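Before anything else, here's the structure in question.
All of the numbers you see were taken from the coordinates with simple rules; none came from a lab. Only a predicted model underlies this, so the values are computations on that prediction, with no experimental measurement involved. Neighbour counts run over all protein chains shown; Cβ positions are idealised from the backbone, glycine included.
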Amino acid sequence: MHVVIVSPSRVYGKGPVTDSNTVGKIVTAYLKGKWRINPANGRQVSNYAYLDDVVQGHIAAMELGEAGQRYILGGEDVSFNTFFNTVKEISGINYRLINVPQPAIKWYSWIEWLKTSITGQPPFFLPEFADRLKYDQKYSSQKAIDKLGYHITPFAEGMQQMIQYYLNGFQNRLE
């Protein structure tokens, strides 16, 4: 059997905000003035892959991937400080953010989990998200670039498209 494994990092881009779209949830909450925290000291790094790149990476893996191989479909490694500075610069919205220590975020995530267990309402995020804040999540997609022709959209460019998509959606709902 010809099996090729692709592993996307933290995916972001235009599209609906769902429970599995943590980046979209954070960005739209920030744009609406409902997100005011910067996790820990803001220096923790995650890898952000633009949705269109990930889709093209899946197609390339089907066509060009070698059986039994794994390809990381990632993007740029970006700290939370850079993440929010990029959102502020692109959106023109500059809310003050408060650094919240990881243990406090973990505690809040358990309250969210409990709320979901009792009410069935979706959580903003769960303990798994808080646990990921303990470590940098840096990834290299070099193998996918070399073998599949994978392309990485610069973070600011992808975020520009995503934020514009969300801002247009907000304006359309207000009209």
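So which chymotrypsin sites (Phe, Trp or Tyr not before Pro) in segment 111-175 end up in coil per DSSP with only 15 or fewer other C-beta atoms within 10 Å?
Working: sites: 113, 124, 125, 129, 135, 139, 150, 155, 165, 166, 170; in loops: 124, 125, 135, 139, 150.
Those satisfying the criteria are 135.
Quick one: net charge around residue 66, please, counting Lys, Arg +1 and Asp, Glu -1 for every other residue with C-beta under 13 Å from its C-beta. Before the final figure, lay out the partial values.
On the way: positive: 70, 143, 147; negative: 63, 146.
Spelling it out: positives minus negatives among the neighbours equals +1.
Separate question: Given the rule -39500 (n - 2.57) for each run of at least 4 DSSP H residues, summed and divided by the residues of the chain, what is its mean residue ellipticity at 222 nm, to the nearest 500 deg cm²/dmol?
Numbers: 7 runs with 87 residues, N = 175.
Helix-only estimate at 222 nm: -15500 deg cm²/dmol.
Work out, step by step, the length gained on full extension between residue 115 and residue 102: first 0.36 nm times the residue separation, then minus their alpha carbon distance; give nm to one decimal.
Value of the extension gain: 2.7 nm.
Could you tell me which of 50, 18, 40 has its Cα farthest along the dipole of segment 1-77 towards the positive end, charges placed at Cβ (Lys, Arg +1; Asp, Glu -1), taken about the Cα centre?
40
Oh, and also: How about segment 67-175: which trypsin sites (Lys or Arg not before Pro) there lie in a loop by DSSP and see at most 15 other Cβ atoms within 10 Å?
Loop-located and lightly packed - 96, 134, 138.
Hey, can you grab everything whose amide H is under 5 Å from the amide H of residue 71? Only 5+ residues off in sequence or another chain; H modelled, so Pro and N-termini drop out.
Residues meeting the criterion, in which the H sits 1.01 Å from N, are 5, 6, 7.
Considering only DSSP states other than H, G, I, E and B, which trypsin sites (Lys or Arg not before Pro) in segment 1-65 qualify as loop sites with at most 15 other Cβ atoms within 10 Å?
Numbers: sites: 10, 14, 25, 32, 34, 36, 43; in loops: 14, 32, 34, 36, 43.
Those that pass, being in a loop and sparsely packed, are 32, 34, 36, 43.
Once you've got the GNM for the chain with C-alpha springs shorter than 10 Å, pick whichever of 118, 98, 72 has the biggest mean-square fluctuation.
Maximum fluctuation in the GNM of the chain, among the listed residues, is at 118.
Report the charge-dipole magnitude of the chain in Debye, nearest 20, computed about the Cα centre from +1 at each Lys and Arg Cβ and -1 at each Asp and Glu Cβ.
Details: 18 positive and 15 negative charges, 141 e Å.
That gives the chain a dipole magnitude of about 680 debye.
Among DSSP beta bridges lying fully in the chain, give the percent that are antiparallel, nearest 5.
On the way: 4 of 14 bridges.
DSSP beta bridges in the chain are roughly 30 percent antiparallel.
With an 8 Å cut-off on Cα pairs and a minimum separation of 6 or more residues, tell me the relative contact order of the chain in percent. Mind showing how you got there, number by number?
Working: 272 pairs, mean separation 58.8, N = 175.
Worked out over the chain, it gives 34 percent.
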